[in-house]
1. Count, please, the residues in the stretch 166-187 that happen to be closer than 13 Å to residue 199 by Cβ and surrounded by 14 or more Cβ atoms within 10 Å (Cβ to Cβ).
2. Does residue 191 count as surrounded by 16 or more Cβ atoms within 10 Å (Cβ to Cβ) and out of contact with any helix residue (DSSP H, G or I) (no Cβ under 8 Å at 6 or more places or on another chain)?
3. Return yes when residue 269 is part of a strand (DSSP E or B), farther than 22 Å from residue 217 by Cα and assigned by TED's automatic domain parsing to the domain that holds residue 232 and no when it is not.
4. Among (1) part of a helix (DSSP H, G or I); (2) modelled with pLDDT of 95 or more; (3) touching a strand residue (DSSP E or B) at 6+ places or on another chain (Cβ under 7 Å), which single condition is residue 190 missing?
5. Which one of these is touching a residue at least 12 places away in the same chain (Cβ under 8 Å) and either surrounded by 20 or more Cβ atoms within 10 Å (Cβ to Cβ) or over 17 Å from residue 187 (Cα atoms) (or both): 274, 235?
6. Report, ordered by the first and then the second residue, all pairs with beta carbons closer than 7 Å, sequence separation of six or more or different chains, a first member in the stretch 130-141 that is free of Cβ contacts under 8 Å to residues at least 24 places away in the same chain, and a second member that is surrounded by 13 or more Cβ atoms within 10 Å (Cβ to Cβ) and assigned to a helix (DSSP H, G or I).
7. Tell me, yes or no, whether the stretch 240-252 has at least one residue that is in a loop (DSSP other than H, G, I, E, B) and on the phi > 0 side of the Ramachandran plot.
8. Against the definition (at pLDDT 95 or above, part of a helix (DSSP H, G or I) and either exposed (fewer than 15 other Cβ atoms within 10 Å of the Cβ) or more than 34 Å from the chain's Cα centre (by Cα) (or both)), how does residue 199 come out, yes or no?
C-alpha cells in the first residue's frame, strides 16, 4: 500500500504502458499493465498478477491446396479410424452390412407354346359354326325344304374345312431343341397360302412380341400381311405362296445356355419355282431365348428392311 500522489505523472506512465501493450505482436500471450484501483479514502491499490495462464491460440491447419491432398487426408483418416476400432468387434445388431445388389432378370418367355393356345380359338370357331350349320339344316328339313337343307350342308362343309385348315398345317408339333429348329418352325408357319400367324406369334419371346413394328397380335398380323404383299409386288404372279427358307445359320453351341446370339439368311422362294432361285435374300442377326418348357423362342420376328441382293423375277 502506498500513499496517493497528486502528481499526474504516474497516470501518464500507465497510459503509455497500455498503448504499448496494444501494439505487441502477440496480445494473447503478453501481459498488459494491471489497472490501479483508487479507494474512496484516497489510497490506491495495484492488483496482483493473475496466476491463471492464458490459453495459447490453437493452430489451424491450412486447407488442402489440391484434390490429391484432400484424398490423401481422407485415406489417412480412414486408416486411423480402422486402427482405433478394436479387432474382432461385432457390428451392432441393428446395423446390417449392405448386401450386393442383385437384379432379378425377368422371364424371357411369359406364354409358352401349347396346343390349347394354338388350336383353342380355331376349335371354338369350328364348334360354333357346326352348331349353326346343323341348326339351319334341321330347320330346312323340318320345313320340308330339302334343296335348302342340301345347300346348307354344302356351305357348312366348305366353311368347316376352311376353319379346319389351320389345324391341318400345324399337325406337327414344333420341337425346338435348338435355335435353328425354332427359326425353321417359325418361317415354315409363314410359308402357306394362309399363314398360321397364331403359331408364329406363340414362337416369339417377350422381346419378339414388342418391337417398333407391332406390340400386339393384331399388329403382328397386319405387319406380316403388308410385308407379304410388298415382297410379291413385281416378282410373283398368281396365288402361289412364298416359301421362307433359313440358311447359313451360325451360332455358338446352345447347350446349357438360356440365351444365344446367331446370324442367318432368309431366302424367299416361290412355291413350285424353287429351281429358279430365291427372289429375295435377307441377312439377319438376332438372339434366341429359352422358355419355361426348355424350348427356344425368337427375340426377333421381323425381316430386315432391306434385302442383301435382289434375285431373279418369278414369271
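The values are calculated or read from the model by the stated rules, or taken from the named source; none is laboratory data. Please read all numbers here as calculations on a predicted model, not as lab measurements. With ideal geometry, Cβ positions are generated from the backbone for all residues, glycine too; neighbour counts draw on all protein chains shown.
1. Residues meeting the conditions: 11.
2. For residue 191, the condition - surrounded by 16 or more Cβ atoms within 10 Å (Cβ to Cβ) and out of contact with any helix residue (DSSP H, G or I) (no Cβ under 8 Å at 6 or more places or on another chain) - is met.
3. Details: part of a strand (DSSP E or B): yes; farther than 22 Å from residue 217 by Cα: yes; assigned by TED's automatic domain parsing to the domain that holds residue 232: yes.
So residue 269 fits the description; yes.
4. Checking residue 190 against (1) part of a helix (DSSP H, G or I); (2) modelled with pLDDT of 95 or more; (3) touching a strand residue (DSSP E or B) at 6+ places or on another chain (Cβ under 7 Å), the one that fails is (1).
5. On the way: 274 fails: either surrounded by 20 or more Cβ atoms within 10 Å (Cβ to Cβ) or over 17 Å from residue 187 (Cα atoms) (or both).
From the options 274, 235, the qualifying one is 235.
6. As it stands, the answer is 136/152; 137/149; 137/152; 137/153; 140/148; 140/149; 140/152; 141/149, since those pairs meet every condition given.
7. As a first pass, look at the stretch 240-252 and keep what is in a loop (DSSP other than H, G, I, E, B): 240-241, 252.
Applying the additional criterion that residues be on the phi > 0 side of the Ramachandran plot yields none.
Checked against the condition, which is being in a loop (DSSP other than H, G, I, E, B) and on the phi > 0 side of the Ramachandran plot, the stretch 240-252 yields no hits at all.
8. Numbers: at pLDDT 95 or above: yes; part of a helix (DSSP H, G or I): yes; either exposed (fewer than 15 other Cβ atoms within 10 Å of the Cβ) or more than 34 Å from the chain's Cα centre (by Cα) (or both): no.
It is false that residue 199 is at pLDDT 95 or above, part of a helix (DSSP H, G or I) and either exposed (fewer than 15 other Cβ atoms within 10 Å of the Cβ) or more than 34 Å from the chain's Cα centre (by Cα) (or both).
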